[in-house]
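Below you'll find the structure, written out as structure tokens, and then a few comments.
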Amino acid sequence: MVELGLIKLSDGTVLKLRIAIVDVKETGFSPFGGVHLDVKAIGGVATHSVPEELKKAVADRPMAPPEPPRDGWEIIDIVEQQPAMAEEIVDTTKGRFKVTVVAEAVMAARNMKYRSRIGEPIYWVSWVWKISWKPIEGERR
């Protein structure tokens, strides 16, 4: 199961955050169900909607380089968000577990000196992972 995250910024832009569980490996004991799981996850951010006035403001700006430019960044407030989430069922030596990864944005920045390929300002987001697992009832060993 995967739920798209939405991040509303103070300039009216809405970004989407999508995450995925790439791999889960059992790595020993933990008090959380008797098993420790090493969870590898990835994520990415894209624009969901950008106000037209922001698109117009960067229309004549140069295209952003492949690496993030060093100039022009401003921190922008996150005013509301729905975290992204991914879940996966894994088999372990202690039975089946539901692994949950939740990603929540903690900082955002905007660059109005450049434009993206689709004519929008450039946005950068930092997020944190919350990883948990719990045994599926009736499937413990």
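For the peptides 72-83, 57-68, 6-17, the ranking by packing is 6-17, 72-83, 57-68, with the highest mean count of neighbouring Cβ atoms within 10 Å listed first. Near MET1, once Lys and Arg are set to +1 and Asp and Glu to -1 for all other residues with Cβ below 12 Å from its Cβ, the sum equals -2.
Skip the ligands, DNA and RNA, and give the accessible area per residue of the chain with a 1.4 Å probe, whole Å².
Working: 8570 Å² over 141 residues.
Accessible area per residue, the chain: 61 Å².
For region 93-141, with only Lys/Arg (+1) and Asp/Glu (-1) charged at the beta-carbon, what is the dipole magnitude about the Cα centre, in debye rounded to 20?
Dipole of region 93-141, to the nearest 20 debye: 160 debye.
Would you work out what percent of the accessible area of region 11-141, with all protein chains in place, is carbon or sulfur (probe 1.4 Å)? Kindly include the intermediate steps, with their values, before the conclusion.
Details: 4190 of 8010 Å².
Heavy-atom surface of region 11-141 belonging to carbon and sulfur, 1.4 Å probe: 52 percent.
Electrostatic tally near ILE78: other residues with Cβ closer than 10 Å to its Cβ, Lys and Arg +1, Asp and Glu -1, net -2.
Going down the list LYS16/LYS113; LYS8/LYS134; LYS25/LYS130; LYS40/LYS113, which pairs span over 24 Å between their C-alpha atoms?
Table pairs above 24 Å Cα-Cα are LYS8/LYS134; LYS40/LYS113.
What number, in percent, do you get for the relative contact order of the chain if the mean sequence gap of Cα pairs under 8 Å and at least 6 apart is divided by its residue count?
Values: 323 pairs, mean separation 37.9, N = 141.
Normalised by residue count, the contact order of the chain is 27 percent.
Each part gets one Cα centre, and for region 114-138 versus region 1-35 those centres are 7 Å apart. Which shape class, rounded, prolate or oblate, goes with region 1-132 when its Cα gyration tensor gives a ≥ b ≥ c as root eigenvalues, a/c under 1.5 marks rounded, and past that a/b bigger than b/c marks prolate? Prolate, because a/c is 1.5 or more and a/b exceeds b/c.
Remark: the chain carries a charge dipole of roughly 220 debye about the Cα centre, counting +1 on each Lys and Arg Cβ and -1 on each Asp and Glu Cβ.
In terms of its C-alpha gyration tensor, region 83-141 has a prolate overall shape, because the principal axis ratio a/c (a ≥ b ≥ c, square roots of the eigenvalues) is not below 1.5 and a/b outweighs b/c.
Based on C-alpha pairs under 8 angstrom that are at least 6 apart in sequence, region 3-65 has a relative contact order of 31 percent. If contacts are Cα pairs under 8 angstrom and at least 6 residues apart, what is the relative contact order of region 63-128 in percent? Over region 63-128, the number comes to 35 percent.
The values are calculated or read from the model by the stated rules, or taken from the named source; none is laboratory data. Computed from a prediction, not measured in an experiment: that's the story for all the values here. Neighbour counts run over all protein chains shown; Cβ positions are idealised from the backbone, glycine included. Remember, those area values only see protein heavy atoms, side chains included, never the ligands or the DNA or RNA. Shrake-Rupley method; radii C 1.70, N 1.55, O 1.52, S 1.80 Å.
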